[in-house]
């Protein structure tokens, strides 16, 4: 349906005259007549009866009027949804339990006027492709490739180094430990069924395992976080790794323990990835918000994978344009 014709129909109805509607729409009276005639032909009914006093709605015109107004309201909502500064900022976080989701919640608390659309894509390639196509505005990922290998126009900067913790059940040998070292974990079974080959998190944990002689198993089907916690709670041999800021909830009788890993502390490097030509004002606000974050651990005592040497420094609160990381 021609929305210009619908808009003209509403204008004639409100004005009561074709001539006044033409003036309101800044078109000729002949143009108004042509639009109304085309709309009537499309609908197969007469919408107006012309009188000496102007234009009067027919019974069909009266029936069509509320729907015509709804069509114009829908048009405005559709346009507003993609208008710069009006549409929601779409951000990918992989999983709503992990640290970047918490960072987004903090951002929204600081900027409650900003509408967020949080999505969860699986792997980094899909997320970067979505950023490049404009399907999403930004994604939080560990970037395992050099900056020069990122697509043109894609920016990536580290925003959080998150310490990794050991999660055990109450019968595990490390259950009562306040902290363990990576070297002490050698020979113990770390079970991570979600460690899917080809993902950025698998690349991280593969290098962590190689660096400290760890055994990280990804055997068995991945039934999700709840099923993993069930197994860990009942096992004296299996443990798993979780991010320090990963939000987990389990029944009280599970007795699960979150144990710090120190000397050195493995940290997972979360980066923000976006298109350099994205004009969304909330994206700029998000980058400034993330630049204000400061870690509460000593970076000199941390372990990061070798590919992190290709990444740039953190976002700065005063940074307006950040180069590729």
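Residues that are touching a residue at least 40 places away in the same chain (Cβ under 8 Å) and crowded, with 16+ Cβ neighbours inside 10 Å, at least 1 per element: which strands (runs of 3 or more DSSP E) completely within region 120-231 meet that?
Working: elements: 138-141, 154-168, 189-191, 215-217.
Correct list: 138-141, 154-168, 189-191.
Residues in region 156-206 that are farther than 21 Å from residue 222 by Cα and touching a helix residue (DSSP H, G or I) at 6+ places or on another chain (Cβ under 9 Å): how many?
Of the residues in region 156-206, the ones farther than 21 Å from residue 222 by Cα are 156-163, 170-187.
Then keep just the ones that are touching a helix residue (DSSP H, G or I) at 6+ places or on another chain (Cβ under 9 Å); that gives 156-162, 170-172, 174, 177, 181-183, 185-186.
The total comes to 17.
May I ask you to list the residues in region 2-42 that are out of contact with any helix residue (DSSP H, G or I) (no Cβ under 7 Å at 6 or more places or on another chain) and either crowded, with 20+ Cβ neighbours inside 10 Å or closer than 13 Å to residue 68 by Cβ (or both)?
14, 40, 42
Take the conditions farther than 24 Å from residue 154 by Cα, in a helix (DSSP H, G or I) and either in the same structural domain as residue 105 (by TED's automatic domain parsing) or modelled with pLDDT of 95 or more (or both) and apply them to residue 263. Does it pass?
On the way: farther than 24 Å from residue 154 by Cα: yes; in a helix (DSSP H, G or I): no; either in the same structural domain as residue 105 (by TED's automatic domain parsing) or modelled with pLDDT of 95 or more (or both): yes.
It is false that residue 263 is farther than 24 Å from residue 154 by Cα, in a helix (DSSP H, G or I) and either in the same structural domain as residue 105 (by TED's automatic domain parsing) or modelled with pLDDT of 95 or more (or both).
From the set of residues in region 300-317 that are surrounded by fewer than 13 Cβ atoms within 10 Å (Cβ to Cβ) and more than 25 Å from the chain's Cα centre (by Cα), which is modelled with the highest pLDDT?
The selected residue is 306.
Residue 56 versus (1) in contact with a helix residue (DSSP H, G or I) (Cβ under 9 Å, 6 or more places away or on another chain); (2) assigned to a strand (DSSP E or B): which is the lone unmet condition?
Tallying (1) in contact with a helix residue (DSSP H, G or I) (Cβ under 9 Å, 6 or more places away or on another chain); (2) assigned to a strand (DSSP E or B), residue 56 fails exactly one: (1).
Exactly one condition in (1) out of contact with any helix residue (DSSP H, G or I) (no Cβ under 8 Å at 6 or more places or on another chain); (2) part of a helix (DSSP H, G or I) is not met by residue 69; state its number.
Answer for residue 69: the failing condition is (1).
Restricting attention to region 240-266, which residues are within 28 Å of residue 124 (Cβ to Cβ) and in contact with a helix residue (DSSP H, G or I) (Cβ under 8 Å, 6 or more places away or on another chain)?
Initially, region 240-266 is screened for residues within 28 Å of residue 124 (Cβ to Cβ), giving 240-249, 258, 260-261, 264-266.
Of everything in region 240-266, those that are within 28 Å of residue 124 (Cβ to Cβ) and in contact with a helix residue (DSSP H, G or I) (Cβ under 8 Å, 6 or more places away or on another chain) turn out to be 240, 241, 243, 244, 245, 246, 247, 248, 261, 264, 265, 266.
Looking at (1) in contact with a strand residue (DSSP E or B) (Cβ under 9 Å, 6 or more places away or on another chain); (2) assigned to a loop (DSSP other than H, G, I, E, B); (3) outside the structural domain of residue 195 (by TED's automatic domain parsing), which is the only condition residue 45 fails?
It is condition (1) that residue 45 fails.
Any residue in region 246-257 that is under 30 Å from residue 115 (Cα atoms), free of Cβ contacts under 8 Å to residues at least 40 places away in the same chain, surrounded by fewer than 19 Cβ atoms within 10 Å (Cβ to Cβ) and under 23 Å from the mean Cα position of the chain (by Cα)? Can you show your working first?
First pass over region 246-257, keeping only residues under 30 Å from residue 115 (Cα atoms): 246-249.
Still in the list and also free of Cβ contacts under 8 Å to residues at least 40 places away in the same chain: 249.
Among the residues that remain, those that are also surrounded by fewer than 19 Cβ atoms within 10 Å (Cβ to Cβ) are: 249.
Then keep just the ones that are under 23 Å from the mean Cα position of the chain (by Cα); that gives 249.
Within region 246-257, one or more residues are under 30 Å from residue 115 (Cα atoms), free of Cβ contacts under 8 Å to residues at least 40 places away in the same chain, surrounded by fewer than 19 Cβ atoms within 10 Å (Cβ to Cβ) and under 23 Å from the mean Cα position of the chain (by Cα).
Which condition from (1) crowded, with 16+ Cβ neighbours inside 10 Å; (2) within 21 Å of residue 181 (Cβ to Cβ) is the one that residue 291 breaks?
With respect to (1) crowded, with 16+ Cβ neighbours inside 10 Å; (2) within 21 Å of residue 181 (Cβ to Cβ), residue 291 is out only on (2).
Among the numbered criteria (1) at pLDDT 90 or above; (2) touching a strand residue (DSSP E or B) at 6+ places or on another chain (Cβ under 9 Å); (3) within 16 Å of residue 271 (Cα to Cα), which single criterion is violated by residue 124?
Residue 124 satisfies every listed condition except (1).
Could you check region 90-119 and list, in sequence order, the residues that are in a strand (DSSP E or B), without any contact (Cβ under 8 Å) to a residue 40 or more places away in the chain and closer than 19 Å to residue 246 by Cα?
Result: 118, 119.
The values are calculated or read from the model by the stated rules, or taken from the named source; none is laboratory data. Since the structure is predicted, the reported quantities are computational estimates derived from the model, not experimental observations. Note that we place each Cβ from the backbone using ideal geometry, even for glycine, and neighbour counts take in every protein chain shown.
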